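Participant: One structure, pasted below without further comment.
The values are calculated or read from the model by the stated rules, or taken from the named source; none is laboratory data. These figures come from a predicted structure and were not determined experimentally. So basically every Cβ, Gly included, is an ideal-geometry build from the backbone, and we count neighbours across all protein chains shown.
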Amino acid sequence: MMRLAISAVSLSVATMIVTIATVKGFQNGIKDKIVKVHGNYIIDHAANMEGADPLVVGPQFLPNFIKTGKANTAELASMGIERAAISASKAGIIKGEEDIDGVVAKGMNYDDFSYCMRGFLLRELDSTELHLEPWVFISKSMSSRLQLDTGDRATFVFFVEDSSGRGRPRAARPLIAGIFETGIEQIDNQVVYADLSLVQKYLKPKAGFTEIELWESKDSPINLAAISMQTAAGELRISDSKQFHRQIYDWLAILNTNVWVILTLMALVALIAMSTILLILMVEKTSFIGIAQAMGSRIGSLQRIFLWQSAYIVGLGILIGDVLAILLCVTQQQTHFLTLNQDVYFVQYVMVDINPWAIAIVNVGVLIASVLAALIPVQWIKRMTPSRAIRFQ
């Protein structure tokens, strides 16, 4: 019986720890990927609306730390900024061998593009070739869909307003410099990365921008107050990654509900198993209880014996559960043997985040709850008389 109780507690504890580690790892993995691609904070037009084309901001509204950013790295560091990148986005059409597709061309300087997308590139041309002509990077899914590959030329069509306000098509044929895959559907299916000067040709004003992406320094947090002082009030706004990608973050927050459901179910399994098996142990020891009472033992002393027995079972179960959970998580971290469909889950494998505080909270919570739950069956001892207990078979 004790082995069964220990097994129930250990499996419940291991399940709870693994659940927390995988969900937190999954959430952190996607958040880190979004921050890597888009930065911790984004500066854009104050009048931008979700789902609409981004508004173009004139170059006169560039903050001073951007104008001198590459030369004055000390100013960026003083505000907690590791990297600041200008980007200009414009909707257009890309034409492949047979099909066409609607895309958003995101123009960036090559160094900025390399900084945020280096970890997602599958293949690319030599960087020396990219300084000779306009370039573009497309996703793996788009490459397959449009039958375009590195070294080909893609036909882009942008619509530019003329003097009368009508949209006129303008075509460009940049060189496809590489293929990327982020695993984030909104990016892989809709966004292409292009030479900043290429996209700015079709903006109004031509030297304008749509976003400034800021990556936080590892040494100090970004000083939002200092940045706000350099941004034009009413023209620009500062949003963090969570605000800018609200739908993805809301989806990740829903996973916390699943965690609580699993934790509650596993805790109930452990508590019910503990209470039931403790009651069975007391029934088996009924004769011992009767003899002990007849010899003058107090009911409280007998109850403490079974409570300590409960604490021993729970403690050993928690220890075994911790070892199982940590072993499984470390194995997954090292081998990635549990894989995922990146098109659905944004990541290629199950990510885990082993948090010592989470393990400690689970352990203490299960220990306290189990001992408290054991108080219910030990009350049965009060109802037993020595004569009846000794005769019990």
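Participant: Out of segment 106-128, which residues are in a strand (DSSP E or B), hydrophobic (A, V, I, L, M, F, W, C) and either out of contact with any strand residue (DSSP E or B) (no Cβ under 9 Å at 6 or more places or on another chain) or more than 19 Å from Gly151 (Cβ to Cβ) (or both)?
Facilitator: First, pick out the residues of segment 106-128 that are in a strand (DSSP E or B): 106-108, 121-124.
After this cut, where a residue has to be hydrophobic (A, V, I, L, M, F, W, C) as well, the list is 108, 121-122.
Matches in segment 106-128: Met108 only.
Participant: Find the residue count for segment 95-116, including only residues that are surrounded by fewer than 22 Cβ atoms within 10 Å (Cβ to Cβ) and not charged (D, E, K, R).
Facilitator: Adding up the residues that qualify gives 9.
Participant: Follow-up question, since we're still on this one. Given the conditions (1) in contact (Cβ under 8 Å) with a residue 40 or more places away in the chain; (2) farther than 30 Å from Thr150 by Cα; (3) not in a strand (DSSP E or B), and given that Ala52 satisfies all but one, which numbered condition is not satisfied?
Facilitator: Exception for Ala52: condition (1).
Participant: List every residue pair whose Cβ atoms lie under 8 Å apart, where the two residues are 6 or more positions apart in sequence or sit on different chains, the first residue falls within segment 97-120 and is closer than 19 Å to Glu216 by Cβ, and the second residue, located anywhere, is of a type in the set (Val, Ile, Thr).
Facilitator: Once the first residue is closer than 19 Å to Glu216 by Cβ and sits in segment 97-120, its partners that are of a type in the set (Val, Ile, Thr) give Met108/Ile86; Asp112/Ile86; Cys116/Val37; Met117/Val37; Met117/Thr182.
Participant: Name the residue that is surrounded by the most Cβ atoms within 10 Å (Cβ to Cβ), counting only residues in segment 143-178 that are hydrophobic (A, V, I, L, M, F, W, C) and more than 12 Å from Gly92 (Cα to Cα). So that I can check it myself, show each step before the final result.
Facilitator: Within segment 143-178, the first condition is being hydrophobic (A, V, I, L, M, F, W, C), and the residues that meet it are 146, 148, 154, 156-160, 171-172, 175-177.
Applying the additional criterion that residues be more than 12 Å from Gly92 (Cα to Cα) yields 146, 148, 154, 175-177.
Numbers: Leu146: 21, Leu148: 21, Ala154: 21, Leu175: 19, Ile176: 21, Ala177: 26.
So, considering only residues that are hydrophobic (A, V, I, L, M, F, W, C) and more than 12 Å from Gly92 (Cα to Cα), the one surrounded by the most Cβ atoms within 10 Å (Cβ to Cβ) is Ala177.
Participant: Could you list, in sequence order, the residues of segment 122-163 that are without any contact (Cβ under 8 Å) to a residue 40 or more places away in the chain and in contact with a Pro (Cβ under 9 Å, 6 or more places away or on another chain)? Steps first, answer last, please.
Facilitator: Here is the first cut: in segment 122-163, the residues without any contact (Cβ under 8 Å) to a residue 40 or more places away in the chain are 126-128, 131-132, 143-144, 149-153, 162-163.
Hit for segment 122-163 is Arg153, nothing else.
Participant: Also, quick follow-up: Just the residues that are more than 16 Å from Ser228 (Cα to Cα) and outside any loop (DSSP other than H, G, I, E, B), please, taken from segment 61-85.
Facilitator: Correct list: Thr73, Ala74, Glu82, Arg83, Ala85.
Participant: State whether one or more residues within segment 22-41 are part of a strand (DSSP E or B) and at pLDDT 90 or above. If you could, list the steps in order and put the result at the bottom.
Facilitator: Initial filter on segment 22-41 (part of a strand (DSSP E or B)): 41.
Cutting the leftovers down to at pLDDT 90 or above gives us 41.
So far as segment 22-41 goes, yes, one or more of its residues are part of a strand (DSSP E or B) and at pLDDT 90 or above.
Participant: Moving to a separate point now. For Gly92, only one of the following conditions fails: (1) in a loop (DSSP other than H, G, I, E, B); (2) within 30 Å of Asp152 (Cα to Cα); (3) small (Gly, Ala, Ser). What is its number?
Facilitator: Unmet for Gly92, out of (1) in a loop (DSSP other than H, G, I, E, B); (2) within 30 Å of Asp152 (Cα to Cα); (3) small (Gly, Ala, Ser): (1).
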